[in-house]
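Right, one structure below, let's go through it.
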Amino acid sequence: MKTERDTSGDTREDTVLCAVEGRTGVITLNRPKALNALTHPMVLRITEALTGWEPDPAVDQVLIRGAGERGLCAGGDIRAIHDDAKAGTRASAGFWHDEYRLNAYIARYPKPYVALMDGIVMGGGVGVSAHGSVRVVTERSRVAMPETGIGFVPDVGGTHLLARAPGRLGTHLALTGSAVGAADALLCGLADHFVPADRLPALTAELAGAPAHEVLARYAATPGPGQLAAWRGWIDHCYAAATVEEIVDRLFAYGDPAAKEAAETILAKSPTALKVTLEAVRRAAALGGLEPVLEQEFRVSCHALTSPDLVEGIRAQVVDKDRSPRWSPATLGEVTGEDVARFFAPLAG
């Protein structure tokens with residue numbers, strides 16, 4: 001079989017392992033040293049596997065999991081996106097095109113799609129899991145859309161998912177980029193079931209011979225308490241404000257230490273990304289369906305490639321790791337309505 005190499009030098013057969021175990025098609029993201037970050041060949045391989053299994057009468061359901069102990073997937077290969085944006089090339093647009101098509105395909109997949117969201121599940125990892133029909137979190141799960149911290153905007157259908165969370169919880173998670181555990185992921189609609197991590201091997205083994213709904217009934221448990229339910233008062237009040245500046249002002253004024261911490265977290269993010277993210281989540285709520293939201297996200301992502309904050313944010317957080325990004329513009333007040341509108345404009349060509 002011909003193999004295809006990704007930018008890390010791995011073959012796509014190495015980085016995505018596909019097998020049929022009993023009556024379940026099993027996809028294993030296999031870049032544990034990179035926390036299973038997605039590359040373009042990996043996206044194509046997942047799509048290929050799902051397409052082959054869809055009409056196969058021998059496959060009743062699909063399972064996706066991550067290799068290693070740290071998580072399902074930390075997101076896309078942002079070093080490659082950094083290099084692409086810095087060089088002014090367009091490889092990332094091709095990656096996003098195929099990745100977002102995969103996200104939509106997962107959402108409408110006609111067979112049960114079981115995602116084991118154990119450990120770190122961020123960015124693109126949310127895209128290959130949280131659109132599935134059976135989403136399992138554990139006590140180790142840390143689910144997040146942290147894009148504003150790298151000068152980017154939640155994508156992979158993330159603005160769709162966050163727009164549908166109760167009250168203003170999704171706006172809070174979108175702007176702060178905060179990671180949530182099992183209970184809060186369930187509350188926000190990002191997951192369906194909690195299973196203790198030490199029971200995942202037995203769960204996976206049983207899925208080979210029985211339908212997911214039967215197996216989950218035997219393994220699902222109640223997670224420990226989350227945080228967001230107790231914070232709904234200040235979250236729903238503060239994030240209902242019209243602008244990011246007003247949200248921050250309300251958070252500082254509310255008088256709750258957690259609200260103050262959220263404000264400080266927001267102010268460390270890219271001002272441009274924050275304003276575009278707030279607009280994107282609110283537009284996603286109006287768009288309703290996932291596919292029109294993914295189309296919007298594709299425009300936003302492609303425009304972000306030409307934004308200085310994307311290169312700078314990845315440099316500061318991932319490349320140089322100095323954690324001191326120099327955003328441009330540097331403050332929320334300097335980001336104009338025209339600056340925000342540019343991200344939603346039709347793409348040239």
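The values are calculated or read from the model by the stated rules, or taken from the named source; none is laboratory data. From a predicted model like this one, the values you see are computed outputs, not experimental measurements. Methodologically, a virtual Cβ is constructed for each residue, glycine included, from the backbone with ideal geometry; neighbour enumeration extends over all protein chains shown. Remember, those area values only see protein heavy atoms, side chains included, never the ligands or the DNA or RNA. Shrake-Rupley method; radii C 1.70, N 1.55, O 1.52, S 1.80 Å.
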From the list Arg135, Arg101, Arg70, which one is more than 15 Å from the chain's Cα centre (by Cα), at negative phi, open to solvent by 10 Å² or more (accessible area, probe 1.4 Å) and among the charged types (D, E, K, R)? Arg70
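Only one residue in Glu312, Glu295 is of a type in the set (Asp, Glu) and buried (at least 17 other Cβ atoms within 10 Å of the Cβ). Which one? Break it down into steps so the answer makes sense when it comes.
On the way: Glu295 fails: buried (at least 17 other Cβ atoms within 10 Å of the Cβ).
Going through Glu312, Glu295 in turn, the sole match is Glu312.
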Please go through the stretch 63-78 and pick out each residue that is outside any strand (DSSP E or B) and among the β-branched types (Val, Ile, Thr). Ile78
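Could you name every one of the helices (runs of 4 or more DSSP H) located completely within the stretch 128-200 that has at least 3 residues being among the hydrophobic types (A, V, I, L, M, F, W, C), farther than 26 Å from Arg45 by Cβ and in contact with a helix residue (DSSP H, G or I) (Cβ under 8 Å, 6 or more places away or on another chain)? Give the derivation first.
On the way: elements: 158-163, 169-176, 182-187.
By residue number, 169-176.
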Some residue of the stretch 230-238 being under 26 Å from Ile120 (Cα atoms), aromatic (Phe, Trp, Tyr) and part of a helix (DSSP H, G or I): yes
Contact list, first residue from the stretch 150-168 and farther than 17 Å from Leu102 by Cβ and basic (Lys, Arg), second anywhere and open to solvent by 10 Å² or more (accessible area, probe 1.4 Å) and part of a loop (DSSP other than H, G, I, E, B), beta-carbon distance below 9 Å, six or more apart or interchain, is Arg164/Gly189; Arg168/Ala240
